[in-house]
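The block underneath contains the structure these notes are about, expressed in structure tokens.
The values are calculated or read from the model by the stated rules, or taken from the named source; none is laboratory data. For clarity, every value in this text was computed on a predicted model and none was experimentally measured. As a convention, Cβ positions derive from the backbone with ideal geometry for all residues, glycine included, and neighbour counts pool all protein chains shown.
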Amino acid sequence: MNREAASARRMERLPRFNDMENLTMYDRRNWTRIVQDIELTLRQCPSLVPSIGVLHFQDGRQQRLIVLRGTVPIFFRRTQYNVPMDVWLPAAYPMEPPVLYVTPTRQMFIVPGHRHVDRSGRVYMPGLLTWNTNESRLHFILAEVSSIFSTRPPVYMFPSTATASTRVASREALPPPSRAQEAVSCPRSDSAMEQTMNQRRATLRQRILERARTRFATEFGQMTCLQREIEQETQVIAQLHSDQDGSGSERSRDVLGEEAASLMCERTRVRSDLETIRETVRALDEWIVSHGDLERDPDIETILESTDVHSRTLSEARATDAAIHDAQQLLDDMLRRERLEIDVFLRLVRELAHRQFFVRRVLRRLDGNA
């Protein structure tokens, strides 16, 4: 009875068929698949609400489509947050993948440079690129969205000076960036904050100066030794030249003259190189002074980020495969401890295995192209 009542409530939230009949862009043969996918999605993510909306395309076109509006839960740093999203079903669905948008509120902003979300909030991920009409499902895409966004959220809250009680009451909203979050969660006086920032600036400036000096100290030493050797050889040749003047050997004087001229040109070139290096060091010192407001070290995730789509997709697919494997082991453990019913266990294992099949197929294709 409880399952029937829950199913009835979910069906009440689906768009009315009278409204769907007005949407001529949907093929009647796909209605059953569309309703089935929406129902499975609402079971997995009950915070979404289906409705009829107007989607504005980049070329200026508008179209009335089914949209699931609401939030998708993620788990970031062992805490659940809700990401506001719109999930649109295109007119050719399920032949075409759904269109996902992150819709931040006024208190949120989209993380710039996110690998899966552009500035407009459009979501891009492997599951959408490898969409298959018969095998892909809408709730699989939302599960992938939750998994990827749990690693790196697409939106953050704007930093504020809210009290601790306000922060505890609004834990469902996404956190501000890490630096701002640390500053809010650990209040300090203005003088202490300013002193800490000055220490960080001084440490960073000293670190950059030491690296620059270490880098160019070797080159300065090599240039100085080379110039000293050239001057010594020039003096020897000049001495030989003066000795040959007394012997009357015209040929020897010509050879020595050419060698002396060559060494003089080499000394001029070395001096020019030394001056160029001095100018470079002077320019680096000016850059360090002008950029002394740097406050933090480079982001490790940004440094180690993949530079091409193939490597990024391959690493994400491997991470998804490992996560599915861990989830299967957790389900086995829960079944042994009798904390999970057998029918629920079988359904979850079947969904995970289905998802793992497509992930490993993507891995096999990517490994074959590597």
Check SER272 against each of (1) surrounded by 11 or more Cβ atoms within 10 Å (Cβ to Cβ); (2) among the hydroxyl-bearing types (Ser, Thr, Tyr); (3) at pLDDT 80 or above and name the one condition it does not meet. (1)
Would you check if PHE140 is among the aromatic types (Phe, Trp, Tyr), within 18 Å of the chain's Cα centre (by Cα) and surrounded by 17 or more Cβ atoms within 10 Å (Cβ to Cβ)? no
Picking from VAL168, VAL184, which residue would you name as being at pLDDT below 60, assigned to a helix (DSSP H, G or I), surrounded by 11 or more Cβ atoms within 10 Å (Cβ to Cβ) and not assigned by TED's automatic domain parsing to the domain that holds ILE34? VAL184
Hey, among the residues in the range 56-91 that are at pLDDT below 90 and at positive phi, which one's surrounded by the most Cβ atoms within 10 Å (Cβ to Cβ)? ARG77
Residues that are of a type in the set (Gly, Ala, Ser), on the phi < 0 side of the Ramachandran plot and in a loop (DSSP other than H, G, I, E, B): does the range 131-154 have at least one? yes
